[in-house]
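> Sharing a structure here in structure tokens format.
The values are calculated or read from the model by the stated rules, or taken from the named source; none is laboratory data. Predicted model, so just to flag it, every value in this text is computed and none were measured. Cβ atoms come from the backbone with ideal geometry, glycine included; neighbour counts cover every protein chain shown.
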């Protein structure tokens, strides 16, 4: 059995590597990843059982790892949401399940008064009449020309957005949970795949430099930390120009440094809107995806279609010696449930009459077999170019959702690397007629059951979409 085909969960400084089964889900398009472990209770001593149950209580912080020894890689930082204590004739088990830190953002509402505006902060003068008791002595008030019976103060109703970047706004929202906001996805990907613990150092640095949009010779690990501390894009800190070649790698044409510079002129949550909904609503407008890294950071970025594929999945009708099939089962899913014939976008407009907006755009889907238009109003859109981007994005995202490969493969990885989301896979599948195409992984589930009549082999389920289909 490969060293990677195991898992453990760390709770309260204690590592639990003895389990009956586990399931770890990573989904790039959802607010949070999930985990579930069924752990045996190995002791009959009442005090020890109570201590174990107290450690495995709801709300306890967890870190989930896959692999063992030097092959151990962090996959999730989160908390226990539910537990089930099952005491039967064959012993006692505790099943714990939970989420990563993104669930806090998905369940918490945005502060109603939070927001930024392109205008100066509005100052409102508030007066309060005091009919009987003067605030100051009448004679002293008369000397400076004030009314001794009226209290006046100024209240600021919003904050000016001058100099505010989108990352600043998001960081302010997630600060209560000490979640760091990052715009470079390569560190998260290296943790998930295990490349952070092992790999060609020069190759990793080259790929990270390209992801950051800086020359390879300029890449320094301490420069990344210095840029983060200074709150500056790394290209500005190093005094280098962002590479256009790096920009072409990404679905949104933006490197990490470009994303850090994205300004937001106006943003206000809707009443009762969750923090995750607010973040993703504005992220999509700016051409970004948001997801949680395994070490609990919030990543704002987009798919890197220029990276090299880390995995190769094969299914031939007649298996070849020396190049064995790696796809156990699964296939191609397509549908038109979310697709539309056209998208009509209307931008900013007062008086609640969106169709009168001067910022309009249309996008057409030519391959859908029937008429199904939709009309969208986005009051944050302030020019026709932005409206067109929104219309085009709606078409491509709905197309992407309609095409998907759903595979089950053996083990949890290939060689020294673990299967991961936000990674390209090379596919050779004769059963589906796919020959050497690159697909992008948006979902990955590790599954294993140990012991008993229900014992199952180690497997990984993968959800992949065509490279380039998520166009931001």
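> With the condition kept exactly as written, say whether any residue in segment 19-40 is over 19 Å from residue 295 (Cα atoms), loosely packed, with under 13 Cβ neighbours inside 10 Å and not assigned by TED's automatic domain parsing to the domain that holds residue 421.
No, segment 19-40 contains no residue that is over 19 Å from residue 295 (Cα atoms), loosely packed, with under 13 Cβ neighbours inside 10 Å and not assigned by TED's automatic domain parsing to the domain that holds residue 421.
> Then there's this: What strands (runs of 3 or more DSSP E) lie completely within segment 1-105 and have 2 or more residues being over 29 Å from residue 303 (Cβ atoms)? Outline the logic, then answer.
Numbers: elements: 7-11, 14-16, 21-27, 34-40, 61-66, 73-88, 91-100.
The strands (runs of 3 or more DSSP E) meeting that bar are 7-11, 14-16, 34-40, 73-88, 91-100.
> State the number of residues belonging to segment 330-384 that are touching a helix residue (DSSP H, G or I) at 6+ places or on another chain (Cβ under 8 Å) and touching a residue at least 40 places away in the same chain (Cβ under 8 Å).
11
> Filter segment 392-401 down to the residues that are surrounded by fewer than 19 Cβ atoms within 10 Å (Cβ to Cβ) and over 21 Å from the mean Cα position of the chain (by Cα) and list them by number. Break it down stepwise before answering.
As a first pass, look at segment 392-401 and keep what is surrounded by fewer than 19 Cβ atoms within 10 Å (Cβ to Cβ): 392, 396-398, 401.
The one that is surrounded by fewer than 19 Cβ atoms within 10 Å (Cβ to Cβ) and over 21 Å from the mean Cα position of the chain (by Cα): 392.
> State which residue is farthest from residue 385 (Cα to Cα) when the search covers only segment 327-339 and only residues that are at pLDDT 90 or above and surrounded by 13 or more Cβ atoms within 10 Å (Cβ to Cβ).
Step one: filter segment 327-339 for residues at pLDDT 90 or above, giving 327-332.
The next check asks that each one be surrounded by 13 or more Cβ atoms within 10 Å (Cβ to Cβ); those that pass are 327-328, 330-332.
On the way: 327: 43, 328: 46, 330: 41, 331: 38, 332: 35 Å.
Looking at residues that are at pLDDT 90 or above and surrounded by 13 or more Cβ atoms within 10 Å (Cβ to Cβ), I get 328.
> More than 23 Å from the chain's Cα centre (by Cα) and at pLDDT 85 or above: which single residue out of 279, 299, 240 fits that description?
Exactly one of 279, 299, 240 is more than 23 Å from the chain's Cα centre (by Cα) and at pLDDT 85 or above, namely 240.
For every residue, the table says whether it meets (1) under 25 Å from residue 420 (Cβ atoms); (2) touching a strand residue (DSSP E or B) at 6+ places or on another chain (Cβ under 8 Å).
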| residue | (1), (2) |
| --- | --- |
| 22 | yes, yes |
| 26 | yes, yes |
| 29 | yes, yes |
| 42 | no, no |
| 46 | no, no |
| 50 | no, no |
| 53 | no, yes |
| 56 | no, yes |
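> So which residues in segment 308-326 are crowded, with 20+ Cβ neighbours inside 10 Å and either within 30 Å of residue 210 (Cβ to Cβ) or under 17 Å from the mean Cα position of the chain (by Cα) (or both), if there are any at all? Please lay out each step first, then the result.
We begin by selecting, within segment 308-326, every residue crowded, with 20+ Cβ neighbours inside 10 Å; these are 310-311, 313, 315.
Within segment 308-326, 310, 311, 313 qualify.
> If you scan segment 367-389, which residues turn out to be at pLDDT 85 or above and under 17 Å from residue 341 (Cα atoms)?
Across segment 367-389, the qualifying residues are 368, 369, 370, 371, 372, 373, 374, 375, 376, 388.
> Limited to segment 314-334, what total is found for residues that are in a loop (DSSP other than H, G, I, E, B) and at negative phi? Spell out the reasoning first.
Taking segment 314-334 and keeping what is in a loop (DSSP other than H, G, I, E, B), we get 316-319, 321-322, 324-328.
This time we only want the ones that are at negative phi, so: 316-319, 321, 324-328.
Residues flagged as in a loop (DSSP other than H, G, I, E, B) and at negative phi within segment 314-334 amount to 10.
> Taking only segment 250-276 into account, find how many residues are part of a helix (DSSP H, G or I) and more than 19 Å from the chain's Cα centre (by Cα). Talk me through it step by step, then tell me what you get.
Filtering segment 250-276 for residues part of a helix (DSSP H, G or I) gives 256-260, 275-276.
With more than 19 Å from the chain's Cα centre (by Cα) added as a condition, the list becomes none.
Here the count works out to 0.
> Would you confirm whether any residue within segment 279-295 is part of a loop (DSSP other than H, G, I, E, B) and out of contact with any helix residue (DSSP H, G or I) (no Cβ under 8 Å at 6 or more places or on another chain)? Step through it out loud before you land on a result.
The first filter runs over segment 279-295 and keeps only residues part of a loop (DSSP other than H, G, I, E, B), leaving 286-288, 293-295.
Next, only the ones that are out of contact with any helix residue (DSSP H, G or I) (no Cβ under 8 Å at 6 or more places or on another chain) stay: none.
Checked segment 279-295: no residue is part of a loop (DSSP other than H, G, I, E, B) and out of contact with any helix residue (DSSP H, G or I) (no Cβ under 8 Å at 6 or more places or on another chain).
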